[in-house]
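Read the structure below first, then the notes.
The values are calculated or read from the model by the stated rules, or taken from the named source; none is laboratory data. All values derive from a computational prediction rather than experimental measurement. We place every Cβ from the backbone using ideal geometry, glycine too, and count neighbours over all the protein chains shown. All accessible areas refer to the heavy atoms of the entire protein, side chains included, with ligands and DNA or RNA removed. Shrake-Rupley method; radii C 1.70, N 1.55, O 1.52, S 1.80 Å.
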Amino acid sequence: MKLPDKYGKFGIFGGKFAPETLMSPLEELEKRYKETIKSGMFRKDLKYYLEVYAGRPTPLYFAKSFSEKIGARVYLKREDMAFTGAHKINNTIGQVLLAKYMKKTRVIAETGAGQHGVATATAAALFGLKCDVYMGEVDIKRQSLNVYRMKLLGSNVISVSSGTKTLKDAMNEAMRDWISSFERTHYVIGSVAGPHPYPMLVRNFQIVIGKETKKQLLKIEKKLPDYLVACVGGGSNSMGLFYPFENDRNVKFIGVEGGGKGLDTNLHSATLCKGSPGILHGSLSYVLQNKDGQIHPTHSISAGLDYPGVGPEHSFYKETGRAQYFAVNDNDALKAFHLLSETEGIIPALESAHAVSWVINNKEKFRQNDIIVINLSGRGDKDVQEVAEIEGTL
Amino acid sequence: MRINDKFNELKKQGKKSLIVYLTAGFPDIMFTENFAVELEKTGVDMIEIGVPFSDPIADGPILQHTNQLSLEKGTNLKSIFSLCERLKARISIPYLLMSYYNPVYQFGIDNFAKECFQTGVSGIIIADLPFEESGPLKDSLKTYGIDLISFLTFTTSERRKEKILKKSSGFIYYISLAGVTGPREQLPERLMDDLKSLKEISHTPVAVGFGISYAAQVKEIKKYADGVIMGSFVMKEIIDNKIEELKKSLISFREELNGESK
């Protein structure tokens, strides 16, 4: 059966845990989404902008030198080569175009590292919609360059100073905005999280990653991969890669979370590894929380993984065993950041470096002929300054 | 006291209901307890005891602030149930718990219902638990005769409204505006018409919340609804330590709600 079901559930996960005021806008969004994606015009537009504007398909690159170090055949899905430097653009072009079809005049978004914010601001500029991006005060300081990019693109960046002043609070604030603005505003959620229909809708705009990968790999290798490896914050790049292989039971799905300073500390963002089911931001999914059900502050070297929740379909994959989830800590991610840069000339985003690191850390288990696809979800230019500061080389 | 009995009692007296929200544990749990007692003396008909949550997406700045500070004081459901246990002996008006769903979910739905029963809680309001997801909690509460309050608002579709009304008990929490909690100068123009048509079809009393802070607003609303709910307005006065002013305002609202009603 195709999931989610009509209640927006993936097994017990997902659903629509939203204030009453948002129930109707969510229903409306689902209805309009389903109608719109059937329209030939929308599909044509989407395809056009993904190809000509965002630069799709992105290459599937055989990483020869890196493969030799690992002792397996490692491919990189080059989402870092998509316009704006990450997979986020797939979703924002889809959603902002949908917003335009829905005759909305404004979009809002939450952002952590600023990647989703930049991608939303870009699509809003492209399609001529007004755009406000909510960003935690702490993240604004960490990612000042992305803040300036959004401003250049004509968006307004709103600083969020409540709670932990990071992504989770930016999402709270965006929801509060949407509760009063839904008539003219579409809320562009950046991950496969939030109340139904968002986890489904964002996934469906991201599965272009997995579909292309499958086609490209079959052409080169004439067979399916043994492993798909991707980092998981909210989980959109990983779900986009995994989902088209869901029924290919021999393809192993590996999701890699931000292990921060280590899973034995409180300073990590490994929601699936260390969390438990709970309700946050409109859906039932794994959450990092205390025994009273209060949401925990998180930590990761990568702002894009620094989130205490995760998309409900990942929770479902965890429960059914379809995917396995691991964590990689900050230091290992940094090592992978350097190694990939040196061996392949590709500077990965710190988020994606977590996936690269998992492959490095587990190289003993791979056979020579194993095919591994790592989703290189974003490029590392945005992280260069922070890494230099951490390492004291600036 | 059952919520229904309270509304019936008021109806007989020709009065409308004044419902006040307090964030439990702000500024501390002793204050919440003593102030609840004061509220009954001031003529408040029901008290909503707010369970603080780290991510209150339906709340504006005032209640975000009181939630956060209460959490920093260590307030949790355990301390709130002891508060309710004490209130059971000290007040006779109904008191309800208002929460987001996650603290309740983590406490365990059946455990939660049982504790509510034992500590005299009459009703439950969950800000992010719409009708579609409310089955398990509703069933559990029903065993103990506790009402799960349903929300309605102007965006609720006719189809859902019918379903929600059919299963409603206690009262309907009508959200006056599109937005988060917090005082507003003006309520939407359509509100009175919406309430009027809702009252024609609802067998459950209707109380209106969100944005209310003026006697003039109360005066209008009472014509078409069975009660008003005040939260942010009350907590703002508590934050500013204007307890006496607050009591005076509540007394004037009380008088407003006592007057002849259509």
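Of all residues assigned to region A:332-341, at least one qualifies as being among the hydroxyl-bearing types (Ser, Thr, Tyr) and more than 29 Å from residue A:281 (Cβ to Cβ). Can you say whether residue A:62 is touching a residue at least 24 places away in the same chain (Cβ under 8 Å) and within 14 Å of chain B (Cβ to nearest Cβ), as far as the supplied structure shows? Answer is no for this residue.
Per the listing B:199, B:242, the residue uniquely within 25 Å of residue B:164 (Cα to Cα), open to solvent by 30 Å² or more (accessible area, probe 1.4 Å) and not polar (S, T, N, Q) is B:199. Taken together, the residues in region B:96-120 that are under 15 Å from residue B:78 (Cβ atoms), open to solvent by 10 Å² or more (accessible area, probe 1.4 Å) and touching a residue at least 12 places away in the same chain (Cβ under 8 Å) amount to 4.
Exactly one residue out of A:98, A:22, A:50 is touching a residue at least 60 places away in the same chain (Cβ under 8 Å) and either under 30 Å from residue B:103 (Cα atoms) or surrounded by fewer than 20 Cβ atoms within 10 Å (Cβ to Cβ) (or both): that is A:22.
Against the condition modelled with pLDDT of 95 or more and within 13 Å of chain A (Cβ to nearest Cβ), how does residue B:163 come out, does it pass? Here the answer is yes, as residue B:163 does meet what is asked. Among residues of region B:150-166 that are more than 20 Å from residue B:178 (Cβ to Cβ), those with a Cβ under 6 angstrom from a residue that is surrounded by fewer than 22 Cβ atoms within 10 Å (Cβ to Cβ), sequence gap 6+ or separate chain, pair up as B:165/B:202. Candidates are the residues of region B:167-188 that are among the aliphatic types (A, V, I, L, M) and free of Cβ contacts under 8 Å to residues at least 40 places away in the same chain; the one that is nearest to residue B:249 (Cα to Cα) is B:187. Selection of first residues in region A:341-355 that are over 17 Å from residue A:231 (Cβ atoms) and of second residues that are open to solvent by 10 Å² or more (accessible area, probe 1.4 Å) and among the small types (Gly, Ala, Ser), restricted to Cβ pairs under 7 Å at least 6 apart or on distinct chains, gives the following pairs, ordered by first then second residue: A:343/A:65; A:344/A:65.
Evaluate region A:10-23: report whether one residue or more is of a type in the set (Asp, Glu) and either outside any loop (DSSP other than H, G, I, E, B) or at pLDDT below 95 (or both). Checked against the condition, which is being of a type in the set (Asp, Glu) and either outside any loop (DSSP other than H, G, I, E, B) or at pLDDT below 95 (or both), region A:10-23 yields at least one hit.
For residue B:191, are the conditions met, namely being touching a residue at least 12 places away in the same chain (Cβ under 8 Å), open to solvent by less than 30 Å² (accessible area, probe 1.4 Å) and over 15 Å from the mean Cα position of the chain (by Cα)? It would help to see each step written out before you state the result.
Working: touching a residue at least 12 places away in the same chain (Cβ under 8 Å): yes; open to solvent by less than 30 Å² (accessible area, probe 1.4 Å): yes; over 15 Å from the mean Cα position of the chain (by Cα): yes.
Judged against the criteria, residue B:191 is a match.
The set of residues in region A:142-188 being more than 29 Å from residue A:279 (Cα to Cα) and either small (Gly, Ala, Ser) or free of Cβ contacts under 8 Å to residues at least 12 places away in the same chain (or both) consists of A:144, A:148, A:151, A:152, A:154, A:155.
Scanning region B:13-43 for residues that are buried (at least 24 other Cβ atoms within 10 Å of the Cβ) and either free of Cβ contacts under 8 Å to residues at least 24 places away in the same chain or assigned to a loop (DSSP other than H, G, I, E, B) (or both) returns B:16, B:24, B:25, B:26. Checking each residue of region B:174-188 against the condition of being among the charged types (D, E, K, R) and either open to solvent by 20 Å² or more (accessible area, probe 1.4 Å) or within 13 Å of chain A (Cβ to nearest Cβ) (or both) gives at least one match.
Screening region B:87-124 for residues that are part of a strand (DSSP E or B) and away from chain A (no Cβ under 11 Å) and picking the one that is nearest to residue A:308 (Cα to Cα) gives B:98.
Yes or no, residue by residue, for (1) farther than 29 Å from residue A:364 by Cα; (2) over 19 Å from the mean Cα position of the chain (by Cα):
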site: A:22; (1), (2): yes, yes
site: A:28; (1), (2): yes, yes
site: A:33; (1), (2): yes, yes
site: A:47; (1), (2): yes, yes
site: A:66; (1), (2): no, yes
site: A:69; (1), (2): no, yes
site: A:82; (1), (2): yes, no
site: A:89; (1), (2): yes, no
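Only one entry of A:34, A:6 meets the criterion of being surrounded by fewer than 17 Cβ atoms within 10 Å (Cβ to Cβ) and more than 14 Å from chain B (Cβ to nearest Cβ), and that entry is A:34. Just for region A:275-300: of the residues that are under 23 Å from residue A:336 (Cα atoms) and either over 16 Å from the mean Cα position of the chain (by Cα) or surrounded by fewer than 23 Cβ atoms within 10 Å (Cβ to Cβ) (or both), which one is farthest from the other protein chains (Cβ to nearest Cβ)? Ranking the candidates gives A:299 first. The single condition among (1) open to solvent by less than 10 Å² (accessible area, probe 1.4 Å); (2) in contact with a helix residue (DSSP H, G or I) (Cβ under 8 Å, 6 or more places away or on another chain) that residue B:85 does not satisfy is (1). For region B:64-82, a tally of residues being open to solvent by less than 60 Å² (accessible area, probe 1.4 Å) and of a type outside the set (A, V, I, L, M) returns 10. Region A:144-226 holds helices (runs of 4 or more DSSP H) entirely within its bounds, and those carrying 3 or more residues that are within 11 Å of chain B (Cβ to nearest Cβ) map to A:167-181. How many residues are touching a Ser or Thr at 6+ places or on another chain (Cβ under 8 Å), more than 9 Å from chain A (Cβ to nearest Cβ) and closer than 24 Å to residue B:171 by Cα when one looks only at region B:48-78? Looking only at that region, the number is 4.
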